[in-house]
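Here is the structure we will look at.
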Amino acid sequence: MTRFTKLLVTTAIVGVLGSVAAFGAFASFSATTQNAGNEVSAGTVGLSNNSAGQALLSITGATPGGSWTRCIKVTYNGTLPADVRTYLGGTTGALAPYLSLKIEEGTASGSDVFPQCTTFTPVNTIYDGPLSPAYHDYASGLVTYPGGVAGPWTTGSSTVYRITASLSASAPNTGQAQSTGVLTAFWEAHNQ
Amino acid sequence: MRSISRKNVARAAGAAVGVVAAVAFLVAARPAARLAPLPASVKVTLAPPGTLAVTPAPPAPLLDATRLSPGGAHAVAAFAVRNQSGITLRIGLRGTPDSHSLDGLVRVRITSGKTLVADTTLQGLRHGTTVTLPIRSGAERQLRLVAWIPGVVSSGYEGRIVKVSLALTTLTAGAAS
């Protein structure tokens with residue numbers, strides 16, 4: 001076998017092996033993969049409470065010096081971290097100037113139901129003063145935190161509020177049969 | 001002549017062994033052209049209203065099934081729902097998957113004791129359950145969720161990942177208790 005023939009045979013073998021290798025490589029490289037269901041969806045902000053539509057305070061026959069305590073649990077259901085503020089809405093009546101409110105934020109064990117405060121543990125007092133129309137929207141509302149601990153509201157976080165309403169002992173006789181007006185307590189969340 | 005002939009035979013045999021070894025190496029090293037299909041993943045998280053407290057509480061997932069495949073093992077999760085409102089409520093469930101890719105493929109069964117609340121697909125869960133469960137104020141109910149892919153499914157599930165928000169809906173069922 002001449003040197004040229006040997007070179008030719010060697011080149012042929014290398015070529016055949018290269019072809020086999022290329023076939024193998026292309027066989028695996030030609031496999032496909034896919035990534036379906038690509039989508040962008042917005043996050044959410046959402047709040048709910050455990051009142052089931054019942055009024056937190058519905059008192060009739062109130063007398064001067066009386067005091068009433070109720071608790072409500074507010075839970076954040078959104079997916080975006082949020083800030084929450086609370087405020088009152090509605091039109092105040094003739095008895096409103098004699099009513100004071102104390103709002104505490106804290107926690108409670110799972111055994112309480114609306115509007116019980118049996119296991120309430122206060123963390124902060126966020127308001128203690130007269131029933132005031134000053135807090136009437138988000139901008140003027142009282143800042144409140146999950147569980148009373150400073151930080152954003154996140155999915156599943158909650159706060160229990162203990163609200164104590166007191167009718168002044170100095171309420172005048174003209175307050176008889178009068179009302180504070182029907183008020184709505186709001187908790188409003190804005191994503192951060 | 002004879003010694004040259006033996007030398008050629010030896011060369012040919014050596015070349016043949018080399019070629020066979022090289023081909024065997026290439027075949028062995030070559031990745032399989034057909035891989036086993038990836039299983040599907042379904043993650044379910046509860047979304048309760050404020051009147052209900054649930055365990056596991058969000059954002060912890062209720063179910064995180066990462067190996068669902070046709071005819072494979074069923075994924076099972078248990079959860080508790082407590083009525084923390086002051087009145088009796090009837091609860092229902094509505095699922096919102098973040099993608100339609102497993103809608104008709106994954107079956108879901110939800111039970112509470114012997115009560116069948118739902119036996120449907122992910123798609124059916126989007127419409128909500130027709131059966132509602134009464135829960136008195138302060139009371140708790142235990143529920144069980146099972147998810148699986150039936151063995152008759154042949155494709156369409158591979159590698160799909162779907163997150164489901166399972167909302168609890170409430171209806172007022174009675175006066176304050």
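Here, each number is a calculation from the coordinates, and none is a lab measurement. Remember, predicted model here, so these are calculated numbers, not experimental data. Please note: Cβ atoms are built from the backbone with ideal geometry, for glycine as well, and neighbour counts cover all protein chains shown.
The table below gives the values:
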| read-out | value |
| --- | --- |
| Test: B:Thr55 is within 12 Å of chain A (Cβ to nearest Cβ), under 30 Å from A:Pro115 (Cβ atoms) and out of contact with any Ser or Thr (no Cβ under 9 Å at 6 or more places or on another chain) | yes |
| Flag if B:Leu46 is in a strand (DSSP E or B) and closer than 17 Å to B:Gly138 by Cα | no |
| Whichever residue in region A:115-157 is of a type in the set (Val, Ile, Thr) and surrounded by fewer than 17 Cβ atoms within 10 Å (Cβ to Cβ) and, among such residues, is nearest to B:Leu46 (Cα to Cα) | A:Thr154 |
| Region B:118-136: number of residues that are touching an Asp or Glu at 6+ places or on another chain (Cβ under 9 Å) and part of a loop (DSSP other than H, G, I, E, B) | 1 |
| Some residue of region B:26-37 being assigned to a strand (DSSP E or B) and more than 8 Å from chain A (Cβ to nearest Cβ) | no |
| Filter result (within 14 Å of chain A (Cβ to nearest Cβ) and part of a strand (DSSP E or B)) within region B:95-104 | B:Thr96, B:Pro97 |
| Members of region B:63-91 that are basic (Lys, Arg) and more than 14 Å from chain A (Cβ to nearest Cβ) | B:Arg67 |
| Filtered residues of region A:148-167 (kept if closer than 15 Å to A:Ser48 by Cα and out of contact with any Phe, Trp or Tyr (no Cβ under 9 Å at 6 or more places or on another chain)) | none |
| Residues within region A:141-183 that are more than 19 Å from the chain's Cα centre (by Cα) and not in a loop (DSSP other than H, G, I, E, B), tallied | 9 |
| Where a residue in region B:40-66 is free of Cβ contacts under 8 Å to residues at least 40 places away in the same chain and its partner, wherever it lies, is among the hydrophobic types (A, V, I, L, M, F, W, C) and surrounded by fewer than 19 Cβ atoms within 10 Å (Cβ to Cβ), with Cβ under 6 Å and at least six apart | B:Thr55/B:Ala80 |
| In region A:81-93, the residues that are farther than 13 Å from A:Gly151 by Cα and surrounded by fewer than 19 Cβ atoms within 10 Å (Cβ to Cβ) | A:Gly89, A:Gly90, A:Thr91, A:Thr92, A:Gly93 |
| Residue among A:Thr159, A:Thr144, A:Thr92, A:Thr154 that alone is more than 14 Å from chain B (Cβ to nearest Cβ), more than 30 Å from A:Pro172 (Cα to Cα) and hydroxyl-bearing (Ser, Thr, Tyr) | A:Thr144 |
| From A:Tyr127, A:Tyr138, residue being of a type in the set (Phe, Trp, Tyr), in contact with a His (Cβ under 8 Å, 6 or more places away or on another chain) and not in a helix (DSSP H, G or I) | A:Tyr138 |
